Amino acid sequence: MKILVINGPNLNMLGIREPGIYGQQNYAALKQFVEDVCARCGAEVECFQSNHEGAIVDKIQAAYGTVDGIVINPAAYTHTSVAILDALKAVSIPAVEVHLSDVSKREAFRHISYAGMACERTYAGYGFDGYKMAVEYLVEKYG
Ligand code: DQA
């Protein structure tokens, strides 16, 4: 199966940005981690990161008919973007939401997730392991 892993704004700053919340490892390490997990699961993977809402919408639309599962950490757009929610609903590709931090224990504005409304599962607060849980869920159910 082919999995698309989407990371939203500021996740390219991992390792630099608020390491007490997001950890010491950088985006390249996250990408390597996800690629290793997918290789072990026998899944093909493409990792995509963008700081731009429209680019994320374009990527989700382009996945239609070519991707079997989406793992998405929309980052700050989680809490604001109806456009990303609608794109996920439009393509109807099984999707799982991931957050490095436990958003439910942070500021109130992080408690709402629009993208999550189009996702089958949410893994939040497990750091990189949340991506592993999401990939394993998709491979077990759809692989
Ligand atoms: C995040 C949580 C969001 O609230 C925040 O805006 C991020 C990262 C996480 O992975 O914990 O950028 O999605």
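Once the Cα-Cα distance is subtracted from the 0.36 nm per residue extended length, the residue 35 to residue 16 segment shows a gain of 4.7 nm. Taking the Cα centre of the chain as origin and assigning +1 to Lys and Arg Cβ atoms and -1 to Asp and Glu Cβ atoms, the resulting dipole is close to 180 debye.
Dipole orientation for the range 2-142: of the candidates 94, 131, 65, 131 has the Cα lying most toward the positive pole (charges on Cβ; Lys, Arg +1; Asp, Glu -1).
Take the Cβ-Cβ distance between residue 86 and residue 28 as r, set R0 to 30 Å, and report the resulting FRET efficiency rounded to the nearest 0.05. Don't skip to the answer; put the middle values down first.
Numbers: r = 31 Å, r/R0 = 1.03.
After rounding to 0.05, the efficiency reads 0.45.
The residues packed around residue 92, meaning those with a beta-carbon under 15 Å from its beta-carbon, carry a net charge of -1 if Lys and Arg are +1 and Asp and Glu are -1.
Calculate, in whole percent, how much of the Cα-Cα pair population of the range 2-142 lies beyond 19 Å. Provide the component values of the computation, followed by the final result.
Details: 4397 of 9870 pairs.
Cα-Cα pairs of the range 2-142 separated by over 19 Å account for 45 percent.
For the range 1-65, the Cα gyration tensor yields ellipsoid semi-axes of 22, 18, 6 Å (square root of five times each eigenvalue, largest first, whole Å). In the chain, the calculated helix contribution to ellipticity at 222 nm averages -11000 deg cm²/dmol per residue, counting -39,500 (n - 2.57) for every DSSP H run with n ≥ 4.
If you take every DSSP beta bridge fully contained in the chain, what fraction is antiparallel? Give it as a percent rounded to 5. Please list the in-between numbers first.
Values: 0 of 18 bridges.
The antiparallel proportion sits near 0 percent.
For the range 60-143, the fraction of alpha-carbon pairs lying more than 23 Å apart is 17 percent, rounded to a whole number.
Ordering of 57-65, 2-10, 89-97 by packing is 2-10, 89-97, 57-65, highest average first (other Cβ atoms within 10 Å, averaged per residue).
Values in this text are rule-based calculations from the coordinates and carry no lab data. Source: prediction; values computed, not measured. Heads up, the Cβs are rebuilt from the backbone with ideal geometry, glycines too, and the neighbour counts pull from every protein chain shown.
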